[in-house]
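Chemist: Sharing a structure here in structure tokens format.
The values are calculated or read from the model by the stated rules, or taken from the named source; none is laboratory data. Computed from a prediction, not measured in an experiment: that's the story for all the values here. All Cβ positions, glycine included, derive from the backbone under ideal geometry; neighbour counts span all protein chains shown. Please note that ligands, DNA and RNA were not included when accessible areas were found on the heavy atoms of the full protein model with its side chains. Shrake-Rupley method; radii C 1.70, N 1.55, O 1.52, S 1.80 Å.
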Amino acid sequence: MPLYLGLDCSTQGLTAIIIEVEGDIRRVVFNSSLNFDRDFPEYGTTGGVIHGADPSEVFASPLMWADALDRMMSKIAQAAELDLDSLRAIAGSAQQHGSVYLNHEAARRWQTLDASAPLAAQLGQTHSRAQSPVWMDASTGDECRAIDDLLGGPAATAALTGSPACERFTGPQIRRFARREPTAYAATVRVHLISSYLASLLAGRDMPIEPGDGSGMNLMDLQHNRWSREALAATAEGLEQRLSPIRPSWEVGGTLSAYWQRRYSLPAAAIVPWTGDNPSSLVGTGIIRGGVLAMSLGTSDTAFNCSDNRSSSASHVFRSPTGDFMNLVCFRNGSLAREAVRADYQCEWDDVARMLEEQPGNGGRIMLPWLETEITPPIAHSGPRRFRFDRHDAAANVRGLIEGQMMSLANHATSMSPAPIERIIATGGAAVNRSILQVMANVFGVEVYRLDVQNSAALGAALRAYHADRLAAGEPVSWKTAVSGFTEPNSDHRVSPNPKLVATYARLRRDYAVLEQLHRAQQPIC
Ligand code: XUL
């Protein structure tokens, strides 16, 4: 039976999922994760990253990611249950936006690796920058302002690239490096995304950049899936020659290099371009058409959809690996805010559930839940705003926060979605909390499902590997066929709205929108 490997290199670890697909038989046959802090302590990371001298600088070592890839391939090779001769294709995803800087030695070294020796030890002297800035890096504010100014302002940058210049995006990272370390930039022959870097290590040569992850760089012309001359010029000199070409997501870009084939007795599997973790999750949650909204309840909360139209009210518009657009709104006040309120009022999750069920709608009391500065809407001054209650009422505060978050998500996600939202797929750590999903169902007025598979990005990668392999074999499958059997929501995990409460929240959502409008800061922040 053909096997397809999907890898996801997230901020905190590396996950591999292998699927087996033939006709109606579709199942996950391998699912394993490595954690950077626990399994690679020699890199000294916390949460998968290290902070620079300036705390706004956040990095990780590209060698750590290479090391993790090597160890994961070794785990896969040792999995007795897998017939790896049937491994047809490998795709992947990685945390978005981070950049890897390579010198002239890299491409030659990738071709001449010794299969009897570990990968990372052989990659010394191939990087022109030892540490890679990652998406949590916030040191590029000046660069963002400069790029926006050169492109005609944040709205013009967003119209061209899908997002205003954002601190965590790759273009501003490259600009800062080129200006602060011109000699090291001059020695850089290739700048990769983390995704395209890892794909290149598998193929043993430079792999292309894929439009889904390319749209997180402030460098790609989103409409045409090509490098934007203006954005390149606003970022750094000689940048185009340092970037791989942008190629379609579904186009096989290489084969597994001799190093991996010999080291782990693997076949010459096809290497499919890697994408970003968010676009990959879109496929891994089965969101390949409009009308379905994914809600990822994580450190921050993110709502995203797949649409043939780009939304003007999204925080970011990326390309979906299906070729459509992925509209995304990002809320900084997610799980950290929920945890902060829970800690403040010394509640367990059971207490939170009880409070939410006790008085849905909070008796008309509303909180604008901006414990931290907020991205959506742009709010520069932190601190929750309470209406008709104060900080002493624990239950009103707990309900106020979670209901406020859900009303904000609903109002903004609805204005981002051209098609009516028919159903929500909830993922992320807080999605295991049924009482939160119940508030979500009541506020949105639609059914909410939780997916069984935890790592939707790695699953999405495996599904993309399958889709690209069939296309290359001249037996293309539709995206619907590609995701079927893996991404159907489990009806045991369905949460249905209560019609009476839907009406209550519809009224409250209007009040919420008015209050939010009154408090919106003037200046957008990213
Ligand atoms: C998306 C973003 C994060 C990273 C890490 O724009 O910055 O979601 O992809 O997961």
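Chemist: Whole number in Å², please: accessible area per residue of segment 178-294, 1.4 Å probe, ligands, DNA and RNA not counted.
Modeler: Heavy-atom accessible area per residue stands at 33 Å².
Chemist: Whole number please: convex hull volume per residue of the Cα set in segment 184-259, in Å³?
Modeler: Convex hull volume per residue, Cα atoms: 92 Å³.
Chemist: Using the Cα centre of segment 46-105 as the reference point, and only Cβ charges (+1 on K/R, -1 on D/E), how large is the resulting charge dipole? Debye, rounded to the nearest 20.
Modeler: Here the size comes out at about 120 debye.
Chemist: Considering all projection directions equally, how large on average is the shadow of the alpha-carbon convex hull of segment 192-342, in square nanometres?
Modeler: 11.6 nm²
Chemist: Please state the Cα pair-distance histogram of segment 415-526 with 5 angstrom bins from zero: what percent is in each bin?
Modeler: Per 5 Å bin, starting at zero, the Cα-Cα P(r) for segment 415-526 comes out as 2, 10, 13, 15, 15, 15, 11, 9, 6, 3, 1, 0 percent.
Chemist: Something else about it: Considering only protein heavy atoms, what is the solvent-accessible area of HIS493 at a probe of 1.4 Å, reported in Å² to the nearest 10?
Modeler: About 40 Å², rounded to the nearest 10.
Chemist: Ignoring ligands, DNA and RNA, how do ASP24, ASP492, ASP301 rank by accessible area with a 1.4 Å probe, largest first?
Modeler: I get ASP24, ASP492, ASP301, largest accessible area first.
Chemist: Considering only C-alpha atoms, what is the centroid distance from segment 124-201 to segment 401-430, in Å?
Modeler: So the two Cα centres are separated by 31 Å.
Chemist: Once you have the Kirkwood Rh of segment 335-427 from its Cα pairs, apply Stokes-Einstein at 10 °C and 1.306 mPa s and quote D in µm²/s.
Modeler: It diffuses with D of about 112 µm²/s by this estimate.
Chemist: Taking 45 Å as R0, compute the FRET efficiency from the Cβ-Cβ separation of ASP149 and ALA472 and round it to 0.05.
Modeler: 0.55
Chemist: In a Debye calculation with equal point scatterers on the alpha-carbon sites of the chain and no solvent, what is log10 I(q)/I(0) at q = 0.10 Å⁻¹?
Modeler: One equal scatterer on each Cα of the chain leads to -0.78.
Chemist: Here is a further query. Out of SER132, GLY276, LEU87, whose Cα points farthest toward the positive end of the dipole of the chain (charges: +1 Lys, Arg; -1 Asp, Glu; placed on Cβ)?
Modeler: Value: GLY276.
Chemist: Largest first, what is the accessible-area ranking of THR275, THR322 with a 1.4 Å probe?
Modeler: Correct descending sequence by accessible area is THR322, THR275.
Chemist: D for segment 111-164, whole µm²/s, Stokes-Einstein with Kirkwood Rh over alpha-carbon pairs at 37 °C and 0.692 mPa s: what number?
Modeler: For these conditions, the coefficient is 225 µm²/s.
Chemist: Okay, moving on. What percent do you get for the relative contact order of segment 25-129 when only Cα pairs under 8 Å and 6+ apart count?
Modeler: About 22 percent, as a whole number.
Chemist: How high is the relative contact order of the chain? Use alpha-carbon pairs under 8 Å, at least six apart in sequence, and give a whole percent.
Modeler: 15 percent
Chemist: Something else now. If you take the charge dipole of the chain about its Cα centre, with +1 on Lys and Arg Cβ and -1 on Asp and Glu Cβ, which of ALA394, TYR505, ASN490 is farthest toward its positive end?
Modeler: My answer, from the dipole projection, is TYR505.
Chemist: Ignoring ligands, DNA and RNA, what percent of the accessible area of segment 362-490 is carbon or sulfur (1.4 Å)?
Modeler: 50 percent
Chemist: Calculate how many DSSP beta bridges within the chain are antiparallel, expressed in % of all such bridges and rounded to the nearest 5.
Modeler: Of the beta bridges lying entirely in the chain, close to 70 percent run antiparallel.
Chemist: What Kirkwood radius, in Å to one decimal, follows from the Cα pairs of segment 66-114?
Modeler: 13.9 Å
Chemist: Quick one: putting +1 on the C-beta of Lys and Arg, -1 on the C-beta of Asp and Glu, what dipole do you get for the chain around its Cα centre, in Debye to the nearest 20?
Modeler: 700 debye
Chemist: Output the peptides 214-221, 257-264 sorted from most to least packed, where packing is the average of other Cβ atoms within 10 Å over each peptide's residues.
Modeler: By packing density, highest mean first, the sequence is 214-221, 257-264.
Chemist: Continuing with the same structure: Based on DSSP H runs of at least 4 residues, each adding -39500 (n - 2.57), what is the mean residue ellipticity at 222 nm of the chain after dividing by all its residues, to the nearest 500 deg cm²/dmol?
Modeler: Calculated mean residue ellipticity at 222 nm is -11000 deg cm²/dmol.
Chemist: Could you please put ASP67, ASP390 in sequence from largest to smallest accessible area, using a 1.4 Å probe?
Modeler: Result of the area sort, largest leading: ASP390, ASP67.
Chemist: Nothing charged except the Cβ atoms of Lys and Arg (+1) and of Asp and Glu (-1): what's the magnitude of the dipole of segment 44-150 about its Cα centre? Round to the nearest 20 debye.
Modeler: Rounded to the nearest 20 debye, it is 320 debye.
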